[in-house]
Amino acid sequence: MKLPPLPTLRAFEAAARRESFLQAATELGMTAAAVSQHVKALEEWLGLALFERRPRGVRLTADGRELGAACSEGLGHIARAVERLSSRKTAVRASLACMPSVVTHWLGPRLPRFRAAHPDIQVSIVYPMGALTPDEAGADLLIGHGTRPPGRSDRILDAATRPTCGPAYLQQHGPITTPADLLKQDLLHDATEAAWQSWLAARGIEGPTPSGPLYADFNLLVSSVLSGLGIGLCPTALITDHLAAGTLTVLFEEAADEDKAYWLLSGMNLSEPAAILRDWLLEEADVSPSTITPPGPN
């Protein structure tokens, strides 16, 4: 098997994935000039141009795209195999790709229980970065959001959202007893106004949706809800601790996104620590509260 030197392939893969020598250099801990030299050496070895050099950066050629995809797949397989073998040797690591909102509001508060039960297992949590499978995320397990994904997956949490506010807001702006009352309230929006429009329309509420602040993710939204700035559509499964503590209140049981859920996806050939983490996550999901009691009139 005739292959070019591995350092050239590694540098090229990072540069191709990012279409930037500078970003690849930052990722690999080397200079942009070193990345450029590795790529040039690979081009000379192949006798092909892999990048178009432009005044403001580089762009992959068709040959570069083909080789870049192959390198990403091949080096990814190697990295995952090394990780699995390392896990078998040490038997103390498990990795989970998970969105920050789930870590902050559901998983994080529960992890001390896992650590107490399994002090020898070190759990690493990484960003999914758009990955749809654990392998794509470079992790043993992945918690994703949406309709049921392909592959080995278990429904771990309900993703239905309901109108939610803090007790101080309700005391100041209540009573809020019918969905129509929401048209007179401060509505907070997660990324777009579409979710509120859909929820109100499903309840037969006509008219323009009250405009309000837009938040890039749920962590930012729920922080403002907790601060008493308004009412947000929150995934009830992620705020059960706040509901139990009385720091948040669900106004109406009617939900949006009832067809969606948070799914636990498992990679192939799980190590023993990863399998233990997977089973523990499913057990934790089973004991999560699932009943909602809307407040009475103020």
For this session: On a 0 to 90° scale, report how tilted helix 108-117 is relative to the longest principal axis of the chain, with both axes built from alpha carbons and the result rounded to the nearest 10.
Result: 70 degrees
Exercise. Rounded to the nearest 20 Debye, what is the dipole magnitude of the chain about its Cα centre when Lys and Arg each give +1 and Asp and Glu each give -1 at the C-beta?
Worked result: 980 debye
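For the peptides 265-273, 45-53, what is the packing order when you average, over each peptide's residues, the other Cβ atoms within 10 Å and list the highest mean first?
Working: 265-273: 19.0, 45-53: 14.0.
The peptides rank, most packed first, as 265-273, 45-53.
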For this session: Rounded to the nearest 10 degrees, what's the angle between the helix 6-18 long axis and the longest principal axis of the chain, both from Cα atoms, 0 to 90?
Result: 40 degrees
Exercise. Using a Gaussian network model of the chain with C-alpha springs under 10 Å, which one of ARG18, ARG162, ARG152 is most mobile by mean-square fluctuation?
Worked result: ARG18
For this session: Using R₀ = 45 Å, calculate the FRET efficiency as 1/(1 + (r/R₀)^6) where r is the Cβ-Cβ separation of SER227 and ALA79; round to 0.05.
Result: 0.60
Problem set entry | Inter-part distance where region 1-50 and region 107-162 are each reduced to a Cα centre, Å | 33 Å
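Based on the Kirkwood radius over alpha-carbon pairs, what is the Stokes-Einstein translational diffusion coefficient of the chain at 10 °C with 1.306 mPa s viscosity, in µm²/s? Intermediate results must be reported in sequence, preceding the final value.
Details: Rh = 22.3 Å.
Stokes-Einstein gives a translational diffusion coefficient of 71 µm²/s.
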For this session: Search the structure for amide H atoms under 5 Å from the amide H of TYR215, placed 1.01 Å from N in the peptide plane, and list their residues when 5 or more places away or on another chain.
Result: HIS189, ASP190, ALA191
Seminar exercise, completed: The answer for ASP186, listing residues at least 5 apart or on another chain whose modeled amide H is closer than 5 Å to its amide H, is ILE231
Seminar exercise, completed: Note: probe point = Cα of GLU19 + 7 Å toward Cβ; backbone nitrogen < 17 Å; residues of region 37-77 passing the test are 50-70, 72
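Take ARG54, ARG115 and order them by how many other Cβ atoms sit within 10 Å, fewest up front. Don't skip to the end; give the middle numbers.
Working: ARG54 8, ARG115 12.
So the ranking, lowest neighbour count to highest, is ARG54, ARG115.
Coordinate-derived values only; no laboratory data. The shown structure was predicted, so the numbers you read here are calculated from the model rather than taken from an experiment. Please note: Cβ atoms are built from the backbone with ideal geometry, for glycine as well, and neighbour counts cover all protein chains shown.
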